[in-house]
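Below: one structure, written as structure tokens.
The values are calculated or read from the model by the stated rules, or taken from the named source; none is laboratory data. Since we're looking at a predicted model, the values are computed, not measured. Here the Cβ positions follow ideal geometry from the backbone for every residue, glycine too, while neighbour counts run over all protein chains shown. Areas reflect the complete protein model, heavy atoms only, side chains present, ligands, DNA and RNA absent. Shrake-Rupley method; radii C 1.70, N 1.55, O 1.52, S 1.80 Å.
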Amino acid sequence: CLGIVKSKKKTFLIASNCHPQTIDICQTRATGFDINVVVSAAKDFDYSSGDVCGVLVQYPGTEGEVLDYAEFVKDAHAHGVKVVMATDLLALTTLRPPGEIGADIAVGSAQRFGVPMGYGGPHAAFLATSQEYKRLMPGRIIGVSVDSSGKPALRMAMQTREQHIRRDKATSNICTAQALLANMAAMYAVYHGPAGLKAIADRVHGLAGTFAHGLKKLGTVTVQELPYFDTVKITCADANAIAEEACKNEMNLRVVDANTITVAFDETTTLEDVDKLFKVFSGGKPVDFTAESIAPEVSSSIPPSLVRDSPYLTHPIFSMYHTEHELLRYLHKLQSKDLSLCHSMIPLGSCTMKLNATVEMMPVTDPKFANMHPFAPIDQAAGYHEMFDNLGDLLNTITGFDSFSLQPNAGASGEYAGLMVIRAYHKVCHDKHAVPILLLCLALFVYEPCAKNAGKRRPPPKCLHHSCLCARYKPCKCCYVWNEDCCRRN
């Protein structure tokens, strides 16, 4: 949004029904660009200042609600404000898509497409926008062209990330560490196809509906009346007591506040799980029905105005490989075209593939690693934390340092995290003029975007200290310090 308005507006509004972790990430990212983030209910958004570049809403909301944003989007556009919609791919097989509602940008995680929770990741993200803004998108745009034989071929039409292409204009620190997860999600869509994904979504929505209907029959709690997709919001006398009872039955529920709890369903949920939930919420009362017995009574909670009727995944590839042996042969065919470490050293990019052994990727599908929810209580993730501590102790021994901080495997995310730590250190030290910049020359081309995201800028060559310059004024040492007072004097 900031790029679309050419950095002229510096306020970004976030709806309070966005996921808490989404709000936290936006607030952290905004600090590097001096953006003022305001969190409030979407109905209370105020555009009167004329300084709002964009808004973010969640669809469906963090507590499960599915709202119709059509009029909201029209009002935002009338004030010259762009609309970003954080959404869920599986839900969009059933819900009216953001583009048809009028949103300018849609973002989210592809985790729902066959990628394990993995205690929080890694997961591939997605970003979609209209044709109008495609040249402002971070990363690469692959276009359809023809080869020398006249056959259809894919080529890189645009590349806006690397500093060797646009340098200080680069805005993305996307890294190949997410490529494996993107491929997993893509193959999940190839295997199931549009009909299979819709069937999964309908089943998930049906389980949520069966649970909500059963709670109403029990009468021990109050169920939110707003439309929902996979998450049911419940008002009760003691949310913590219910959560504790659920934990005894090996289920974790989200406690929103003392009287509010939410329950989310996915494709791994079974009717037996719903029956367990009925017992948890029954308050000791006998449950004289089962999820299976009341399921036929349940109808969709999604209003007709929000039901999707447009096609998706229309490319033939998503309708070709729906058996295991067909998909296996297709994957092997793709593998035969790939340049990997089996054939050659990879000269540029794909550091994840260059630096990670195959054995390091095996845990991605190991249930012991894969099925841990990121918000699971710490005492349920003791094995993960033991590994963290063991790795940290090894790193301390090897490096001679006193402590450690584990960062994402993606080079871009790791560099960004490191820069933010250094930034926070100088802030604590009240050293607002020193702007340290780490520059890893001849390594990943992610420095420019990471530095920009962390609120740092490349200084003019004449203001460099403790650095070595080559003929084209490219710093060649690991770090330098840019003193803003010096720049003003020069």
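List of remarks:
- Of all residues in segment 1-40, those that are under 20 Å from residue 375 (Cα atoms), open to solvent by 30 Å² or more (accessible area, probe 1.4 Å) and not polar (S, T, N, Q) total 5.
- Residue match in segment 8-29 (condition: at pLDDT 95 or above, under 30 Å from residue 187 (Cβ atoms) and either outside any helix (DSSP H, G or I) or charged (D, E, K, R) (or both)): yes
- Scanning segment 45-75 for residues that are outside any loop (DSSP other than H, G, I, E, B) and either open to solvent by 50 Å² or more (accessible area, probe 1.4 Å) or modelled with pLDDT under 95 (or both) turns up 52, 53, 54, 71, 74, 75.
- If you check 281, 318, 265 for being touching a Cys at 6+ places or on another chain (Cβ under 9 Å) and assigned by the TED database to the domain that holds residue 184, only one passes: 281.
- Boolean, residue 197 is in contact with a Ser or Thr (Cβ under 9 Å, 6 or more places away or on another chain), open to solvent by less than 60 Å² (accessible area, probe 1.4 Å) and modelled with pLDDT under 95: no
- Top-ranked residue of segment 274-326 - restricted to ones that are small (Gly, Ala, Ser) and open to solvent by less than 50 Å² (accessible area, probe 1.4 Å), ranked as farthest from the chain's Cα centre (by Cα): 282
- Which listed residue, of 262, 270, 235, is buried (at least 17 other Cβ atoms within 10 Å of the Cβ) and modelled with pLDDT of 95 or more: 262
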